[in-house]
Ligand SMILES: *Cc1c(COP(=O)(O)O)cnc(C)c1O
């Protein structure tokens, strides 16, 4: 998006504000679809938790995407956004049997990731097909918080437990219609991914009635120019061919599924915030913005380095800044960033603000969560309003007479 358009949006809707470029999302969807054009049945299930605004979900549905969900509420959001139940897959971790049964009753596909629930669900509902999430124990992913396929991970059923899994399936007579893995975010090495896929193919041979194999997600996207990103075209060629060979061997045209979150929406997002204060200290220059980890926590939570630029003064002399928030705790967005000279009142733009940004926002420090604006065909469309004081107190129970102010002062002797 152009600086001028972003500045106009910040002016119209106030700051801070999230902006999403619909055309970028559509482009990424097409790019991934195209990369796998050699596969007959491809299904992309957008991972709702990356960005779950209902208009974004509707956009995904219009593109022919399915939806990957991790909570019953995401399932309900997906249905509200017009997804057909069969186009939604429920892939939770550590949720109760009741929640899985509720999702299943809504008609969505179920993905189970532990033997305890598998045995209970299979015993009660042997007729309902179930997908199983396998943990191939392959180390992939950008850092240990987002890498979920390794040996210590809480996700998935260990490949070492396949004999136990098969016993449960046999005894309950349940039907396994899909197998799944999600090894974590930020796949850098396609060969590691292909290696994990081999484990999935090997596991798949144990099941006769599969409809699909789901390879999860974890595509790495660039955060700045020159960054390494997952080469989805190369992955499409290599995995696509291997998948087709497997289908031939298996004797059935299976569906190849993915659940991209970050890949589809990360680069489409911009977070705009205003500089309240420029503070020169003995050691650095701080630029304090009207936001904090209440709105964008990824830099503090797992060291994500969002690029930050000054769109109010793009031609200004570059200087080093520490960009910080207004939260009464250390909340550094970036240290020693070279940014065009900042004046108070300038608008800073954070890139890659589409995935896991708004969805992780909170009301900490009793601040409002920002609005969300969709940029589509040269038009700005408000898709979430800024919160108000009403929103902050909506569910609070104000028991006014419980602690009425005392007439006499309590004196501490
Ligand atoms: C979070 C998640 C995804 C999406 O991962 P990205 O790295 O954002 O693409 C996909 N599948 C499952 C099961 C997830 O939990």
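The values are calculated or read from the model by the stated rules, or taken from the named source; none is laboratory data. It should be emphasised that the depicted structure is a prediction, and the values quoted were computed from it without experimental measurement. Glycine also receives a Cβ, built like all others from the backbone with ideal geometry; neighbour counts cover every protein chain displayed.
For region 339-413, no strands (runs of 3 or more DSSP E) sit wholly inside it while including 1 or more residues that are assigned by TED's automatic domain parsing to the domain that holds residue 308 and at pLDDT below 95. Evaluating residue 221 against the criteria (1) at pLDDT 95 or above; (2) under 25 Å from the mean Cα position of the chain (by Cα); (3) part of a loop (DSSP other than H, G, I, E, B) leaves one unmet condition, (1).
Residues in region 7-17: is at least one within 15 Å of the ligand (Cβ to nearest atom) and in contact with a helix residue (DSSP H, G or I) (Cβ under 7 Å, 6 or more places away or on another chain)? Break it down into steps so the answer makes sense when it comes.
Of the residues in region 7-17, the ones within 15 Å of the ligand (Cβ to nearest atom) are none.
Taking every residue of region 7-17 in turn, none turns out to be within 15 Å of the ligand (Cβ to nearest atom) and in contact with a helix residue (DSSP H, G or I) (Cβ under 7 Å, 6 or more places away or on another chain).
Taking region 221-246 as the range and being away from the ligand (no atom under 15 Å from the Cβ) and under 27 Å from residue 61 (Cβ atoms) as the test, the residues that pass are 233, 236, 239, 240, 243.
Residue 68 falls short on exactly one of the conditions (1) more than 22 Å from residue 220 (Cα to Cα); (2) in contact (Cβ under 8 Å) with a residue 12 or more places away in the chain, and that condition is (1).
Given the residues 107, 82, 94, 122, which is the only one that is assigned to a loop (DSSP other than H, G, I, E, B), closer than 24 Å to residue 172 by Cβ, more than 16 Å from the ligand (Cβ to nearest atom) and in the same structural domain as residue 259 (by TED's automatic domain parsing)? Spell out the reasoning first.
Numbers: 82 fails: closer than 24 Å to residue 172 by Cβ; 94 fails: more than 16 Å from the ligand (Cβ to nearest atom); 122 fails: assigned to a loop (DSSP other than H, G, I, E, B).
Result: 107 is the single residue among 107, 82, 94, 122 that is assigned to a loop (DSSP other than H, G, I, E, B), closer than 24 Å to residue 172 by Cβ, more than 16 Å from the ligand (Cβ to nearest atom) and in the same structural domain as residue 259 (by TED's automatic domain parsing).
Only residues that are within 11 Å of the ligand (Cβ to nearest atom), at pLDDT 90 or above and farther than 17 Å from residue 210 by Cα were counted in region 144-181, giving 1.
Only residues that are surrounded by 10 or more Cβ atoms within 10 Å (Cβ to Cβ), over 31 Å from the mean Cα position of the chain (by Cα) and in a loop (DSSP other than H, G, I, E, B) were counted in region 315-331, giving 1.
Regarding residue 251, is this residue surrounded by fewer than 22 Cβ atoms within 10 Å (Cβ to Cβ), modelled with pLDDT under 95 and either at positive phi or more than 16 Å from the ligand (Cβ to nearest atom) (or both)? First the steps, then the outcome.
Numbers: surrounded by fewer than 22 Cβ atoms within 10 Å (Cβ to Cβ): yes; modelled with pLDDT under 95: no; either at positive phi or more than 16 Å from the ligand (Cβ to nearest atom) (or both): yes.
Answer is no for this residue.
Residues in region 25-79 that are in a loop (DSSP other than H, G, I, E, B) and either under 17 Å from the mean Cα position of the chain (by Cα) or at pLDDT below 95 (or both): 6 in all. Somewhere in region 294-304, is a residue assigned to a strand (DSSP E or B) and modelled with pLDDT of 95 or more? Within region 294-304, none of the residues are assigned to a strand (DSSP E or B) and modelled with pLDDT of 95 or more. Under the condition of being buried (at least 24 other Cβ atoms within 10 Å of the Cβ) and away from the ligand (no atom under 16 Å from the Cβ), the residues counted in region 254-279 number 4.
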